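Have a look at the structure below before the remarks.
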Amino acid sequence: MSRRVEFDQIAPVYDETRRPPSETEVQTLVGLLSECQTVLDAGVGTGRYALPLQANHFQVVGADLSVEMMRRARAKGIRSLLRADVRRLPLRDRTMDAAFTAHVLQLIPDPRQVLVELGRVARHVVLVLLPEWSEHGPSSRWHELRERYRELAAELGYPLPERGQRYRHTLEELTAIAPPALVRQVQGPSTTGRDLSEWLARWDGRTIAGGQIPPEVHERIVQRLKAERPVEPASWTRPRSERFVLWKATDLQTLA
């Protein structure tokens with residue numbers, strides 16, 4: 001499944017199943033871009049970060065492959081949008097003061113491609129919002145629960161489409177490409193649910209809100225999971241941490 005198709009499909013439930021940026025995250029973002037006026041939001045999606053940037057008087061241009069995601073960004077009031085791959089942006093060199101991207105590198109196998117392209121279009125800074133992967137890696141209990149959920153759904157006649165590959169690029173990996181000028185870690189709101197059923201619904205809302213799994217089938221799967229792999233209620237809350245990684249655009253331009 002292509003990235004465009006994948007995100008077109010989940011666009012109707014995307015905002016329902018993702019937390020908005022916290023006030024601390026917004027203020028950190030605004031502070032790091034305070035010397036800039038024009039900002040490219042590469043991978044703008046539904047405008048979760050573009051909207052608070054615009055509200056703080058930045059001139060934002062959003063770029064994304066998914067038309068359906070950007071349709072929702074436009075409905076929120078994001079004015080300037082263009083359909084584009086973040087690795088091949090249809091912008092001239094140094095046309096934006098800053099280039100920003102949030103949770104996009106995990107979709108792309110080679111982060112260097114993105115950093116070089118963002119450095120090309122930015123005059124001053126490139127800012128990447130990087131999730132902290134170390135707390136819950138792919139071998140975690142939640143990864144196992146998600147995979148078992150898919151197996152049980154298929155057994156019950158509701159096979160789920162595979163997500164595209166995710167790549168857990170680390171700060172160390174990005175630093176090896178080009179040392180950043182600044183790294184700031186911010187604790188975000190926890191991902192939580194009152195019980196396992198709610199947690200799984202938040203994990204992959206497209207299976208529930210998107211109509212792929214009927215509610216009664218979802219509950220049958222959850223009961224099977226509870227019987228097979230008991231999970232302590234305390235672990236239904238997962239702490240979230242983000243790293244704001246900032247480069248001078250000139251340091252990335254030397255990579256090209």
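The values are calculated or read from the model by the stated rules, or taken from the named source; none is laboratory data. Just so we're clear, the structure is a prediction, and the values are computed from it rather than from any experiment. Backbone-built Cβ (ideal geometry, glycine too); neighbour counts: all protein chains shown.
Do we have any residue at all in the range 62-76 that's under 27 Å from P161 (Cβ atoms), more than 17 Å from the chain's Cα centre (by Cα) and in contact (Cβ under 8 Å) with a residue 40 or more places away in the chain? Checking the range 62-76: at least one residue is under 27 Å from P161 (Cβ atoms), more than 17 Å from the chain's Cα centre (by Cα) and in contact (Cβ under 8 Å) with a residue 40 or more places away in the chain.
Under the condition of being buried (at least 17 other Cβ atoms within 10 Å of the Cβ) and without any contact (Cβ under 8 Å) to a residue 40 or more places away in the chain, which residue from the range 1-44 is nearest to I213 (Cα to Cα)? Looking at the filtered set, the residue picked out is V44.
Inside the range 74-84, can you point out the residues that are within 19 Å of V121 (Cβ to Cβ) and either modelled with pLDDT of 95 or more or among the aliphatic types (A, V, I, L, M) (or both)?
The answer is I78, S80, L81, L82, R83, A84.
Being outside any loop (DSSP other than H, G, I, E, B) and of a type in the set (G, A, S) is a condition met by no residue of the range 81-90. It is to be established whether one or more residues within the range 106-126 are outside any strand (DSSP E or B) and at positive phi. No, the range 106-126 contains no residue that is outside any strand (DSSP E or B) and at positive phi. Looking only at residues of the range 230-249 that are modelled with pLDDT under 75 and more than 21 Å from the chain's Cα centre (by Cα), we find that the one that is farthest from E25 (Cα to Cα) is P230. Scanning the range 91-113 for residues that are within 17 Å of T254 (Cα to Cα), out of contact with any helix residue (DSSP H, G or I) (no Cβ under 6 Å at 6 or more places or on another chain) and surrounded by 18 or more Cβ atoms within 10 Å (Cβ to Cβ) yields one hit, A98.
Residue by residue, here is whether (1) modelled with pLDDT under 65; (2) touching a strand residue (DSSP E or B) at 6+ places or on another chain (Cβ under 6 Å); (3) under 30 Å from L118 (Cα atoms) holds:
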residue	(1), (2), (3)
Q165	no, no, yes
E173	no, no, yes
V186	no, yes, yes
L200	no, no, no
